[in-house]
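Trainee: Got a structure for you, written out below as structure tokens; questions coming shortly.
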Amino acid sequence: MAAMASSSNFFFIFFLVLCLKITAKKTYIVQMKHQDKPLSFETHHDWHSSSLQSLTGSPPESLLYSYTEAFNGFAASLNEEQAESLSKSESILDVYEDTVYTLHTTRSPQFLGLDADLGLWATGGSTQASEDVIIGVLDTGVWPESKSFDDSGMPEIPSKWRGECESGPDFGPKFCNKKLIGARSFSKGYRMAIGGGINKKPKEIDSPRDKDGHGTHTASTAAGSHVANASLLGYASGIARGMATRARVAAYKVCWETGCFGSDILAGMDRAIRDGVDVLSVSLGGRLAPYYRDTIALGAFAAVEKGIFVSCSAGNSGPTRATLANVAPWIMTVGAGTLDRDFPAYAVLGNKIRYNGVSLYSGRGIGKKSVGLVYNKDNNTFGNLCLPGSLKPASVRGKVVVCDRGTNARVEKGGVVRDAGGVGMILANTADGGEELVADSHLLPAVAVGRKTGDLIRKYAQSNPNPTAKLVFGGTVLNVRPSPVVAAFSSRGPNMVTPQILKPDVIGPGVNILAAWSEAIGPTGLVKDTRKTKFNLVSGTSMSCPHISGLAALLKAAHPDWSPSAIKSALMTTAYTRDNTNSSLRDAADGSLSNPWVHGAGHVDPQKALSPGLIYDITTKQYISFLCSLGYTIDQVKTIVKRPNITCSKRFKDPGELNYPSFSVLFGDKRVVRYTRELTNVGPARSIYKVAVDGPSSVGISVRPRTLVFRHIGEKKRYTVSFVAKRKRRGSTVRSEYGSIVWGNAQHQVKSPVTFSWTFLKTLGECQIINEKSKVKF
């Protein structure tokens, strides 16, 4: 009887789980064959709604979004059985589950050479022309009251603008102006994910208002107006301004407290394209996927095809290798570097040794006298990490606590120390953080130090019978050398979707960036942080991305006929790889020399990008040939390109044949790799360029021809470069090597970085294709 009862329970639980699986609703993104729309439907929305109801029996409210610009298809709330039913329709190209993405979270205009709009940017009308350029920012919304969005002196909104300022419980048209010309929010994917459907009232107010701060920071970095006397609680005091101070801003809120959902991102991109933006700034990313399953890559392709420049953050998963996000070649992938500004702070130990660190703490210090120092290295309680509840008040009360960086937020550790009765914190890097120092606006006196210094402090705290310390804060220091340095957190190559495309593309300022902030949240973002500030210092590739978005707006204003790939080329081929001590760029992770998998083409130089001399341009047809070379099916290529007549009759033999401004050479079993590139003259007529190559001794590099003569502006010339491995490398641990190809004359140096690899790892794309061939979709 017991066995029968057990068996009955098993079947009951099995059927209960099965029923839950069948009835549980999730958001799915559905790719339609756009050309299949019957003439009987007036709009694609009508067709999408009808298809959804007839194929799945779903009610009309199951249709969350109907996309027309960024994507051919819709997003819907479905259970697994309904999604499978949809996938069998002849009019459906693909059905896949919604993906969640995450955010990749002053002095930078001067550091980039944009002082007070002087120099080249103020001549030739480019500053005024940028008033016609619109930057769309996909993020957490906007705090419209910020002075960074003041529209004083701005002319009327460009007539091409088709967007609007959305009304909501805490937002409305009155909050927009001639600077902040549009604000919308997209939350249906988020609302489905948190449960209860789109009709349930969400935890967050459904409006474009920024309650996080991230979106306000990125928008003002790209195109904020001049604001005098800006600072974070006294730090980095001065004039805050964006890159393109006269450009317009349109905010698209696609990120909420639980993340940024692909269906909402796609809806934001779809609307931004329709609204008429010129630049899209996207400081967020997710797990790698083939381009036909990458929401951002799909929307970005549609945008670029319509002449919209798309800039995305590379990710904050460095210094680990192969951690990049947003690697599609039509996207500008941006890593992060430091400025020449720092916020020094010092930990002075009882042995009289003073160690250098950084901090943005702005309250009362711990006094001039030293206090006790403690390091809780206890594997059972994780007190060394200062996790919530891990510190014993009896052992830390009245003392400075050494906390290892990692696992929980840096600023949260300080809150844990304060709550346990500690009076200060030394935040010490471990091997993962290396020597990178990121300043934070801590809740108590705190100093962040690198790994080597941290090891010395930890050793002192554990070996001295009566360890003591005091903390000293040094304010703001300028003209720091060396700078820039590549941030340790900045994600690195190689590109695991398409290794033949070198990523990241460039680096820009992304460490301790001062920009506008939401007054709905404190500078640390912690609930217990009740401080309010109009500006904040934040680090991340999220911060470097809008720098490049703003620079792209300036280039678009100066050269309205340039394509997105031309703008990208100008920024890449003029980037620099030497710091302000005239030494090669270094990596903050360990102080070693950086390389193109870390910094791409180098650090952007906007003054030189204005006049690059030559550019590598890429057409949609070339992108199609590139996609056809990746082993995708015709339907998968159609998913990206959104054209019905794709045949892949013309495809590259090697994805590296794309006319990209950099080279990633994979020898694998080959000894010779040969590519042809095309350059377009955007400099003076009758320009002559000669080539110079640099590479490792293990590779021979030859270029034909070695001289290019351009008689006219806009003239195109081709060259072929052959890379020959002088000996075959063995083993999978061989270091990659690097070089460059430079076309130059007295006025211009058009530089392309080159990476060389002898081993060929399975790429994510290949693994995906193998999986798709060996299993059913659901």
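Trainee: From (1) part of a helix (DSSP H, G or I); (2) under 24 Å from G276 (Cβ atoms); (3) among the aliphatic types (A, V, I, L, M), pick out the condition that doesn't hold for I181.
Mentor: The failed condition is (1).
Yes/no per residue for (1) open to solvent by less than 30 Å² (accessible area, probe 1.4 Å); (2) more than 20 Å from the chain's Cα centre (by Cα); (3) of a type outside the set (D, E, K, R):
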site: W562; (1), (2), (3): yes, yes, yes
site: S569; (1), (2), (3): yes, no, yes
site: D579; (1), (2), (3): yes, yes, no
site: A588; (1), (2), (3): yes, no, yes
site: A601; (1), (2), (3): yes, no, yes
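Trainee: Another one. Within the range 506-535, restricting attention to residues that are of a type in the set (V, I, T) and in a strand (DSSP E or B), which residue is nearest to V665 (Cα to Cα)?
Mentor: The qualifying residue nearest to V665 (Cα to Cα) is V506.
Trainee: Here's something else I'd like to know. Report, by residue number, each residue of the range 375-394 that is over 32 Å from the mean Cα position of the chain (by Cα) and crowded, with 19+ Cβ neighbours inside 10 Å.
Mentor: Listed by number, the residues that qualify are Y375, N376, G383, S390, L391.
Trainee: Next up: For the range 351-374, enumerate the residues that are in a loop (DSSP other than H, G, I, E, B) and surrounded by fewer than 16 Cβ atoms within 10 Å (Cβ to Cβ).
Mentor: N351, K352, I353, G363, R364, G365, G367, K368, K369
Trainee: I would also like to ask the following. Just checking, which of S732, S774, S698 is modelled with pLDDT under 95, open to solvent by less than 40 Å² (accessible area, probe 1.4 Å), out of contact with any Pro (no Cβ under 8 Å at 6 or more places or on another chain) and farther than 20 Å from F652 by Cα?
Mentor: S698
Trainee: Something else: Could you identify the single residue in Q622, Q607 that is within 30 Å of G73 (Cα to Cα) and open to solvent by 10 Å² or more (accessible area, probe 1.4 Å)?
Mentor: After ruling out the rest, the residue left standing is Q622.
Trainee: Return the only residue of V402, V423 being within 21 Å of K368 (Cβ to Cβ), of a type in the set (V, I, T) and open to solvent by 10 Å² or more (accessible area, probe 1.4 Å).
Mentor: Only one candidate qualifies: V423.
Trainee: Let me ask something else. So the check is Cβ under 9 Å with 6+ separation or different chains; which pairs have a first residue in the range 361-374 that's farther than 9 Å from V472 by Cα and a second one that's of a type in the set (F, W, Y)?
Mentor: Y361/F473; S362/Y235; S362/F473; L373/Y460
Trainee: Continuing with the same structure: Report the residue count in the range 498-533 for those that are of a type outside the set (F, W, Y), touching a helix residue (DSSP H, G or I) at 6+ places or on another chain (Cβ under 7 Å), open to solvent by 10 Å² or more (accessible area, probe 1.4 Å) and at pLDDT 95 or above.
Mentor: Final tally of qualifying residues: 1.
Trainee: Here's something else I'd like to know. Would you say A219 is outside any strand (DSSP E or B) and either over 27 Å from A552 (Cβ atoms) or of a type outside the set (V, I, T) (or both)?
Mentor: When the stated conditions are applied, A219 passes them.
Trainee: Also, quick follow-up: Can you name the residue in the range 113-131 that is touching a Pro at 6+ places or on another chain (Cβ under 8 Å) and within 11 Å of A244 (Cα to Cα) and, of all such residues, is modelled with the lowest pLDDT?
Mentor: W121
Trainee: Of V348, V334, which residue is assigned by the TED database to the domain that holds V282 and open to solvent by less than 50 Å² (accessible area, probe 1.4 Å)?
Mentor: Among V348, V334, only V334 is assigned by the TED database to the domain that holds V282 and open to solvent by less than 50 Å² (accessible area, probe 1.4 Å).
Trainee: So how many residues does the range 31-57 have that are touching a His at 6+ places or on another chain (Cβ under 8 Å) and either under 30 Å from G195 (Cβ atoms) or open to solvent by less than 40 Å² (accessible area, probe 1.4 Å) (or both)?
Mentor: 2
Trainee: Just one of A487, A469, A446 is crowded, with 24+ Cβ neighbours inside 10 Å, under 24 Å from S313 (Cα atoms) and among the small types (G, A, S); which is it?
Mentor: Of A487, A469, A446, the one residue that is crowded, with 24+ Cβ neighbours inside 10 Å, under 24 Å from S313 (Cα atoms) and among the small types (G, A, S) is A487.
Trainee: Give I92, I134 a once-over and let me know the one that is among the β-branched types (V, I, T), under 26 Å from the mean Cα position of the chain (by Cα) and modelled with pLDDT of 60 or more.
Mentor: So the residue among I92, I134 that is among the β-branched types (V, I, T), under 26 Å from the mean Cα position of the chain (by Cα) and modelled with pLDDT of 60 or more is I134.
Trainee: Which condition does S317 not pass, out of (1) surrounded by fewer than 24 Cβ atoms within 10 Å (Cβ to Cβ); (2) over 13 Å from the mean Cα position of the chain (by Cα), if it passes all the others?
Mentor: Every condition holds for S317 apart from (2).
Trainee: Take K503 and decide whether it is over 30 Å from D617 (Cβ atoms), among the charged types (D, E, K, R) and in a loop (DSSP other than H, G, I, E, B).
Mentor: no
Trainee: For the range 637-661, enumerate the residues that are open to solvent by less than 40 Å² (accessible area, probe 1.4 Å), among the polar types (S, T, N, Q) and at pLDDT below 95.
Mentor: Answer for the range 637-661, where residues must be open to solvent by less than 40 Å² (accessible area, probe 1.4 Å), among the polar types (S, T, N, Q) and at pLDDT below 95: just T639.
Trainee: Could you say whether any residue in the range 35-42 is in contact with a Pro (Cβ under 7 Å, 6 or more places away or on another chain) and over 23 Å from V254 (Cβ atoms)?
Mentor: Scanning the range 35-42, I find at least one residue that is in contact with a Pro (Cβ under 7 Å, 6 or more places away or on another chain) and over 23 Å from V254 (Cβ atoms), so the answer is yes.
Trainee: When the residues of the range 603-625 are filtered to those that are hydroxyl-bearing (S, T, Y), assigned to a loop (DSSP other than H, G, I, E, B) and out of contact with any helix residue (DSSP H, G or I) (no Cβ under 7 Å at 6 or more places or on another chain), which remaining residue is nearest to N582 (Cα to Cα)?
Mentor: By that ranking, first place goes to S611.
Trainee: Being touching a Ser or Thr at 6+ places or on another chain (Cβ under 6 Å), crowded, with 18+ Cβ neighbours inside 10 Å and under 23 Å from F663 (Cβ atoms) is the requirement here; does L324 meet it?
Mentor: Yes.
Trainee: Here is a further query. Can you tell me which residue among D419, D455 is more than 25 Å from V486 (Cα to Cα) and more than 29 Å from the chain's Cα centre (by Cα)?
Mentor: Step by step, each of D419, D455 is checked, and only D419 is more than 25 Å from V486 (Cα to Cα) and more than 29 Å from the chain's Cα centre (by Cα).
Trainee: Inside the range 626-636, can you point out the residues that are surrounded by fewer than 18 Cβ atoms within 10 Å (Cβ to Cβ) and assigned to a helix (DSSP H, G or I)?
Mentor: Result: I634, D635.
The values are calculated or read from the model by the stated rules, or taken from the named source; none is laboratory data. Only a predicted model underlies this, so the values are computations on that prediction, with no experimental measurement involved. Cβ: placed from backbone, ideal geometry, glycine included. Neighbour counts: every protein chain shown. All accessible areas refer to the heavy atoms of the entire protein, side chains included, with ligands and DNA or RNA removed. Shrake-Rupley method; radii C 1.70, N 1.55, O 1.52, S 1.80 Å.
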